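Before any comments, here is the structure.
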Amino acid sequence: MATIEKNSAVYFNYTLTDETGAVIDQSPEGQPLAYLHGHKNIITGLEKELEGKSAGEQFIVTIEPKDAYGEYEPQAVQEIPREKFQGVDNIEVGMEFESLIADGGKIRVRVIDVTDGTVIVDANYPLAGKTLTFDVEIVEVRSATEEELAHGHIHGVGGVEH
Ligand code: ZN
């Protein structure tokens, strides 16, 4: 039976919970997630745990922030003057905006507080700083196709459809 190694196409069902046991995310019933192993398609802590396993195996793993979505960076929280949000009438906590950064790229920021003159935004990824527990069931392991390797991801249901 195929075991998971670099360039394997892997299909797995998962349930993701946080420190309190609350479900953050899960694969829809009967629709496993597909990823290309060894290409950083998924967080490093989970990829490491999947290495060498095969279809039918189930496991639960708890992953620290450094091997998941990174530590929470306090300096990624910024106060922005309200007038920078021209054209937006109502700014509410939880809204997301794209913000241009110095190198010309864009980052996604979330509004975490609104005061009279300022909007406080957080550019941390929502799962940054969280210890995550994955309950995983491996459904299928196969070799990736040449095309998938060239693209760096898995094609078809559960992967990238294009
Ligand atoms: Zn592709």
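The values are calculated or read from the model by the stated rules, or taken from the named source; none is laboratory data. Given the structure is predicted, the values throughout are model-derived calculations rather than measurements. For neighbour counting, all protein chains shown are included, and Cβ atoms are generated from backbone atoms with ideal geometry for every residue, glycine included. Areas reflect the complete protein model, heavy atoms only, side chains present, ligands, DNA and RNA absent. Shrake-Rupley method; radii C 1.70, N 1.55, O 1.52, S 1.80 Å.
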Any idea how many residues of the stretch 75-117 are open to solvent by less than 100 Å² (accessible area, probe 1.4 Å) and among the basic types (Lys, Arg)? 2
Going through the stretch 32-45 one residue at a time, which ones are surrounded by 12 or more Cβ atoms within 10 Å (Cβ to Cβ) and either farther than 16 Å from His153 by Cβ or charged (D, E, K, R) (or both)? Thr44, Gly45
State the number of residues belonging to the stretch 124-149 that are loosely packed, with under 15 Cβ neighbours inside 10 Å and within 8 Å of the ligand (Cβ to nearest atom). 1
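Name the residues in the stretch 150-162 that are surrounded by fewer than 16 Cβ atoms within 10 Å (Cβ to Cβ) and within 11 Å of the ligand (Cβ to nearest atom), would you?
Correct list: Ala150, Gly152, Gly156, Val160, Glu161, His162.
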Kindly indicate whether any position in the stretch 61-74 is of a type in the set (Lys, Arg), away from the ligand (no atom under 16 Å from the Cβ), open to solvent by 90 Å² or more (accessible area, probe 1.4 Å) and at pLDDT 95 or above. yes
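Would you mention how many residues in the stretch 127-149 are closer than 30 Å to Val77 by Cβ and free of Cβ contacts under 8 Å to residues at least 40 places away in the same chain? Spell out the reasoning first.
Let us first name the residues in the stretch 127-149 that are closer than 30 Å to Val77 by Cβ, namely 127-134.
Filter once more, keeping what is free of Cβ contacts under 8 Å to residues at least 40 places away in the same chain: none.
Of the residues in the stretch 127-149, 0 are closer than 30 Å to Val77 by Cβ and free of Cβ contacts under 8 Å to residues at least 40 places away in the same chain.
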Starting from the stretch 150-162, take each residue that is charged (D, E, K, R) and list its partners that are within 8 Å of the ligand (Cβ to nearest atom) and open to solvent by less than 40 Å² (accessible area, probe 1.4 Å), counting only C-beta distances under 9 angstrom and pairs at least six apart or across chains. Glu161/His155
